[in-house]
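Below is one structure; the comments refer to it alone.
All of the numbers you see were taken from the coordinates with simple rules; none came from a lab. Predicted model only: the values in this text are computed from it and were never measured. Every residue, glycine among them, receives a Cβ derived from its backbone with ideal geometry; neighbour counts consider all protein chains shown.
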Amino acid sequence: MVDEPSPVTILICDDHRVLTDALAIVVGLDDTLELVAPPVQSPQSAIDLCAELLPNVVLMDVDFKGDMSGIEATRKIKEISPATKVVIMTAHDEDRLLVDAVEAGASGFLSKDDAAHELLSAAKAAADGEVLIDPETLARLLPQVTREREQTRDALALLRDLTDREREILSLLAHGMRNDDIASQLYISPQTVQTHVRNILGKLRVHSKLEAVAFAVRHGAITV
């Protein structure tokens, strides 16, 4: 007797109740699928459930009320449950969003305009390791992903050249402090601060303190 394959376990995260209710109904009619929990409406709930239940697939919306997007939730889910496949459900097809989703670890994208049974068929494909993105979109995105990875690598190399003192001053600049205030806090002269700032701008290849701060924040070197 051949054992029946285990059902594909799914978690749905979307704040559109009509869609999630329809998906939940279709899952209940399919013996090859199983919801690990009722659909959730917040990214943090999805992250918490993934840490506990390790579903095969998460169907994830992009836009939520609050501070966290579906893209950021995808990144966190892949950190805590690398085997879980995250499929982005979206009504948008902007390249920026798609690139961010790829970088976060998403396995592909589905349109919310697709019927519920098509979305769930795609979820099964994702569980089997399929990439859910059409060839034309993939061909358009890959060069952009590659280019942005190269830009990130180059930026991190520039940031690594900063000394500890330069990083400290850059962080203080990010909190709105002027050169004189920085000098007073660090017990150095304003001229020394000015020299450090000039070195920071040269190393990061930028033209202003604001641009240097934006560059460092964008690449995670400092937080504000």
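Annotations
- The chain: most fluctuating residue of A101, A24, A115 per GNM, C-alpha cutoff 10 Å: A115
- Choice from T20, T90, T152 showing the highest fluctuation, given a GNM over the chain with Cα pairs closer than 10 Å: T152
- Cα centre as origin, Lys/Arg/Asp/Glu Cβ charges: region 8-140 dipole, Debye: 260 debye
- Count of lysine pairs in the chain with Cα separation under 22 Å (8 or more residues apart, or interchain): 9
- When the convex hull of its Cα atoms is projected in every direction, mean area for region 161-224 (nm²): 3.8 nm²
- Across region 161-224, C-alpha contacts under 8 Å between residues 6 or more apart give a mean separation that, scaled by the residue count, equals a relative contact order of 39 percent.
- With the largest listed first and rounded to whole Å, the semi-axes of the equivalent ellipsoid of the chain from the Cα gyration tensor are 45, 18, 15.
- Per the Kirkwood formula applied to alpha carbons, region 8-140 shows a radius of gyration over Rh ratio, Rg over Rh, of 0.92.
- With neighbour counts taken as other beta-carbon atoms within 10 Å, the residues E130, E4 rank, fewest first, as E4, E130.
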